[in-house]
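One structure below.
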There are 2 protein chains.
Amino acid sequence: MHRLANKGYVFALGGVNEIGKNMYVIEYGEDIFIIDCGSKFPDESLLGIDLIIPDISYLLSKRENVRAMIVTHGHEDHIGGIPYILKQLNVPIYATRLTLGLIESKLKEHGLLADSSLNAIDADSVLEIGQLQVSFFRTNHSIPDCVGVVFDTPQGAIVHTGDFKFDLTPENKQYPDLHRMASIGSNGVLLLLSESTNAERPGFTPSERLVGEQIEKAFKHADQRIFLSTFASNVNRLQQVVNAAAKVSRKIVLLGRSMVNVVEVAQALGYLDIPDGMLIEPEEASGLPLNQVAVLCTGSQGEPMAALSRLANGSYRQMEVLAGDTVIVAASPIPGNEKSVARIIDNLYQLGAKVIYGSGASTGMHVSGHGSQEELKLMLSLMKPNYFVPIHGEYRMLHQHRLLAEAVGVDPKHILIVGNGDLVELEDGDASLGGKVPSGDVFVDGLGIGDIGNVVLRDRKQLSGDGILIVVVSLSKKDGSILSGPDIISRGFVYVRDNELLIEQINAKVLATLQELKSAEIKQWNVMKRTLKDEIGSFLFAQLKRRPMIMPILIEI
Amino acid sequence: MHRLANKGYVFALGGVNEIGKNMYVIEYGEDIFIIDCGSKFPDESLLGIDLIIPDISYLLSKRENVRAMIVTHGHEDHIGGIPYILKQLNVPIYATRLTLGLIESKLKEHGLLADSSLNAIDADSVLEIGQLQVSFFRTNHSIPDCVGVVFDTPQGAIVHTGDFKFDLTPENKQYPDLHRMASIGSNGVLLLLSESTNAERPGFTPSERLVGEQIEKAFKHADQRIFLSTFASNVNRLQQVVNAAAKVSRKIVLLGRSMVNVVEVAQALGYLDIPDGMLIEPEEASGLPLNQVAVLCTGSQGEPMAALSRLANGSYRQMEVLAGDTVIVAASPIPGNEKSVARIIDNLYQLGAKVIYGSGASTGMHVSGHGSQEELKLMLSLMKPNYFVPIHGEYRMLHQHRLLAEAVGVDPKHILIVGNGDLVELEDGDASLGGKVPSGDVFVDGLGIGDIGNVVLRDRKQLSGDGILIVVVSLSKKDGSILSGPDIISRGFVYVRDNELLIEQINAKVLATLQELKSAEIKQWNVMKRTLKDEIGSFLFAQLKRRPMIMPILIEI
């Protein structure tokens, strides 16, 4: 087949109209490039689901064309799907060193490391993959080593920003490469994909340095132990904690698996500089005066099994929060986590701790990793794209991002808001919407990937609300007489022992129904079951206004 | 028994260390007074529970002493428990007219109105109930007709603020009665109970009038239909919508049961002034130009069955949102509702609506009904209490309220933070903590009150996560041979038809286990069931990392 060098497609398999499971695809001629491979957490309606990853059936149908997966940075919503996707499609991965380090520990856990092709790049790398040239530009965000990606096509450049802010005073000196962005813009950008997380937020996101200053101040004021909880992946913030601890001669204890893991990876790769002897084990802390210990821990999102939550309810085995200790929650709750974080703060206050929490000017213990409106406008102004597709955000964010693009002069007709699976077709230097590829949520539940469907979820929903009532009757094959039962078993409905009268009534209802069915000479199994279900269901709803799942089990012997 | 005129108790049966289900109790000698009787919504872990109300077993044990229930205002967290509590304890209710009107429609719904004793008071009423004098003072909040309560005891006054802000420019001219508060303070307050909702928020909450101005502005700018969603009970805001609509000659459509109900009650009692002919039915709206219709609807908290949510997803039968319509969400999401509200806004944008949402300076479409730190300090300064108990809030709010009280000069040793059930003992003009009465959450599920316990909730939790797997086998009474089965039925676990191999494996596992049990001559029913449960459970966890509820049903015939 002849390669159509002037035709390409850009689309999302995850990440638009949602926060999470980012996966964008560039298909140009016979070359397919994947950008990022994230996961997201299910909302509360998806009972029992552990994780959601993108549907890649389109990629599988063209697996021989898939050349590379480029990963912009090491956050879960950009790398969390990799182990699951790699099992289905083993594609070479390209990422910066820290990102690669975090992917590696994930693949190790899943036993996939040996078979994977991991390729380190840096912001200056230029790759020739398939028929395209791929290059990068340095950005910054709440994890080090972030890049944007540029695909040079015969029609012009396709640029993907990754996640970014413009922190012009970054703690780690990884400055956003304004000059490179300007030069990409000058050379002409056909299509820009830019992230929209903070498109609703006016102004300019403060520098991470602000948090460092506040941490230092809090460290100077504390006279007992300090516990600080933040996202483990925010390596720059961890560095600032280390620096503050060094200034007041505190040792550091790490609590929580991901904290230990990220520190290990970041330290090994040189992204985190911790003086020798500063890290100590929890047991060693007990030998030190309270004012010589700082604890860095996971759980800033209120995760019930993470270190902070267990410290707050006194169930952390190796360490406890004492009255007078300082606890800093250096994070904003992600929507949906507000209540669990609040519960932790309540518990910490009840222990007598001094708690510093809340974002914004009041405490300054957290700043966003995403650029606000002025920064999004800055990116758009630098790139001067001919076409613009806002990505990485829910619809209202994409919508606000569109308004920002219009404000800086992008032609409104050249702004395309897409859903997952919508194809942006590039031809002769023009972009237009057209067609769709399969896309959607694939549920991970335990070891199962994609085996939980709507029927199962609907059943879980019903079971969760009112439980189940099982009625077992065995009937004689000969004459339909009852050989045993009815036996009534219930779980999650009412506690049988406390509701003997109700159970007797159900029993009587079953017997009466079976008698009626017999009189009417109805013997079809499914009709009998349905009748029992309806009769018991109406009875219980009238009595209790509850709708347990009703499961008649008839056994013929 | 002789009455101890110089001894009393004050305690909460709901409302401290939580937001919701407010119920405070004053017990003085042989007189018991209840203040408020709220409900709260369960958090997501309480599967299937509809509502939570306070445990009143202490009150029931002293039912002959309970003299009155005084209700400070008509919000659900202060009146929602009344129908359930009244069924157990029929106590005379005292409240202002609007509050009483809202209680009435609740009691009507529950068929309790005829037997209830409802007594209207106003801010100037002075009641002699039992041995105490009870009087009131006008406050304001996000519903009209709010009062604080004063109990005059021989030891001094006990004051309960109710919910309040200091809106000095109230739309309805119900000014907070500063002079009365000052005079109560001058006469000496033994104990103040003051609400803590916004104790974490610096500054002074803006006047509701601000919202009115923004609504008017939005109404002037809209050129198609306007949909405005807010709390139905915020009658002042409804009035401001009516005023804005009148200015631009729009008719008003009401959507949602509670909106229709509150408007009816408030209008009948004279709290809401709607020009004749302004209210129209949804059907009439279709005959009018788009710019002559404003719709007031429920659902500002993202409730999935309420009007706004159904309008946003296009499933509202009588009305639809068109591209170009303006939708105003005049409310802040209560913690826990952020995601559902955001989903609605996404859907509205996708319909092409202009959406105005978000609180604070950016839109000004919502202000809190609760006083911020400066107002809490103002209340404390007016009342100059000898003892202070912060109420109505989670622990961190009570804690912050304590700091505010210290800052305005309340003796730190005279500030008592209590939990529900903790007794504050008043004797000889001194207050101290001592003793406890039963308190807790009573769950309402359908028509059942308090019949759902931990076992049932734990089962619902397990069922919701991984579903249930039922194994039915009938065995011969004679020789233990299998007469029928094993039959495998599952719900919420995996879809049986798509997992034939797994079902076969489970079948084999059951047969093998039964065979082993037989060889070992084990015949005890419970041992056999437990063994089957363990064997199948381990097998499924090894295969799938899932833990469905496993229910072996053995039938002996």
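The values are calculated or read from the model by the stated rules, or taken from the named source; none is laboratory data. Keep in mind that this is a model prediction, so the values were computed, not measured. FYI the Cβ positions are ideal-geometry reconstructions off the backbone, even for glycines, and counts take in every protein chain you see. When the accessible area is computed, the model is the full protein with side chains, heavy atoms only, and any ligands, DNA or RNA have been set aside. Shrake-Rupley method; radii C 1.70, N 1.55, O 1.52, S 1.80 Å.
At-a-glance table
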quantity	calculated
Test for B:Val262: is it more than 30 Å from A:Asp346 (Cα to Cα), out of contact with any strand residue (DSSP E or B) (no Cβ under 8 Å at 6 or more places or on another chain) and crowded, with 17+ Cβ neighbours inside 10 Å	yes
Criterion violated by A:Lys7 - all others in (1) within 23 Å of A:Asp152 (Cβ to Cβ); (2) open to solvent by less than 10 Å² (accessible area, probe 1.4 Å) satisfied	(2)
Exclusive hit being open to solvent by 70 Å² or more (accessible area, probe 1.4 Å) and more than 8 Å from chain B (Cβ to nearest Cβ), set A:Asn507, A:Asn526	A:Asn526
Options B:Ala431, B:Ala342, B:Ala405; residue that is within 14 Å of chain A (Cβ to nearest Cβ) and either open to solvent by less than 20 Å² (accessible area, probe 1.4 Å) or closer than 30 Å to A:Thr197 by Cα (or both)	B:Ala342
Selection within region A:419-449 - hydroxyl-bearing (Ser, Thr, Tyr) and more than 28 Å from the chain's Cα centre (by Cα)	A:Ser432
Within region B:529-557, considering residues that are open to solvent by 20 Å² or more (accessible area, probe 1.4 Å) and either basic (Lys, Arg) or part of a loop (DSSP other than H, G, I, E, B) (or both), the one farthest from the other protein chains (Cβ to nearest Cβ)	B:Arg530
Region A:466-493: number of residues that are among the small types (Gly, Ala, Ser) and within 17 Å of A:Lys533 (Cβ to Cβ)	3
Index of the failed condition, B:Val159 passing every other in (1) over 30 Å from A:Asp346 (Cα atoms); (2) touching a residue at least 60 places away in the same chain (Cβ under 8 Å)	(1)
Any hit, region A:465-488, residues being under 21 Å from B:Ile555 (Cα atoms), open to solvent by 40 Å² or more (accessible area, probe 1.4 Å) and more than 14 Å from chain B (Cβ to nearest Cβ)	yes
Residue match in region B:435-446 (condition: at the interface with chain A (Cβ under 10 Å from one of its Cβ atoms), open to solvent by 10 Å² or more (accessible area, probe 1.4 Å) and touching a residue at least 12 places away in the same chain (Cβ under 8 Å))	yes
Test: residue in region A:228-237 that is buried (at least 24 other Cβ atoms within 10 Å of the Cβ), closer than 30 Å to A:Met319 by Cα and out of contact with any helix residue (DSSP H, G or I) (no Cβ under 7 Å at 6 or more places or on another chain)	yes
Residues satisfying the stated conditions in region B:496-527, i.e. charged (D, E, K, R) and either more than 20 Å from B:Pro548 (Cα to Cα) or assigned to a loop (DSSP other than H, G, I, E, B) (or both)	B:Glu516, B:Lys518, B:Glu521, B:Lys523
Failed criterion for B:Gly492 (all others in (1) open to solvent by less than 70 Å² (accessible area, probe 1.4 Å); (2) touching a residue at least 24 places away in the same chain (Cβ under 8 Å); (3) over 30 Å from B:Ile52 (Cα atoms); (4) within 11 Å of chain A (Cβ to nearest Cβ) hold)	(3)
Test: residue in region B:456-475 that is without any contact (Cβ under 8 Å) to a residue 60 or more places away in the chain, part of a helix (DSSP H, G or I) and touching a strand residue (DSSP E or B) at 6+ places or on another chain (Cβ under 9 Å)	yes
Test: residue in region B:389-401 that is closer than 25 Å to B:Ser61 by Cβ and either within 14 Å of another protein chain (Cβ to nearest Cβ) or in contact with a Gly (Cβ under 9 Å, 6 or more places away or on another chain) (or both)	yes
Residue pairs meeting the criteria (Cβ under 6 Å; at least 6 apart or on separate chains; first in the same structural domain as B:Leu100 (by TED's automatic domain parsing), in region B:114-128; second of a type in the set (Gly, Ala, Ser))	B:Val126/B:Ser135
Residue within region B:67-75 that is more than 22 Å from the chain's Cα centre (by Cα) and either over 19 Å from B:Thr161 (Cβ atoms) or of a type in the set (Ser, Thr, Tyr) (or both) present	yes
Among the residues listed as B:Val263, B:Val293, B:Val253, the single one being modelled with pLDDT of 95 or more and within 23 Å of B:Lys106 (Cβ to Cβ)	B:Val263
Unique match (being under 23 Å from B:Gly8 (Cβ atoms) and away from chain A (no Cβ under 14 Å)) among B:Met365, B:Met383	B:Met383
Of residues in region B:302-311 being of a type outside the set (A, V, I, L, M, F, W, C) and either touching a strand residue (DSSP E or B) at 6+ places or on another chain (Cβ under 7 Å) or at pLDDT below 95 (or both), the one least open to solvent (accessible area, probe 1.4 Å)	B:Gly302
Only listed residue being in contact with a Ser or Thr (Cβ under 8 Å, 6 or more places away or on another chain), under 30 Å from B:Val455 (Cβ atoms) and open to solvent by 20 Å² or more (accessible area, probe 1.4 Å), chosen from B:Asp77, B:Asp50	B:Asp77
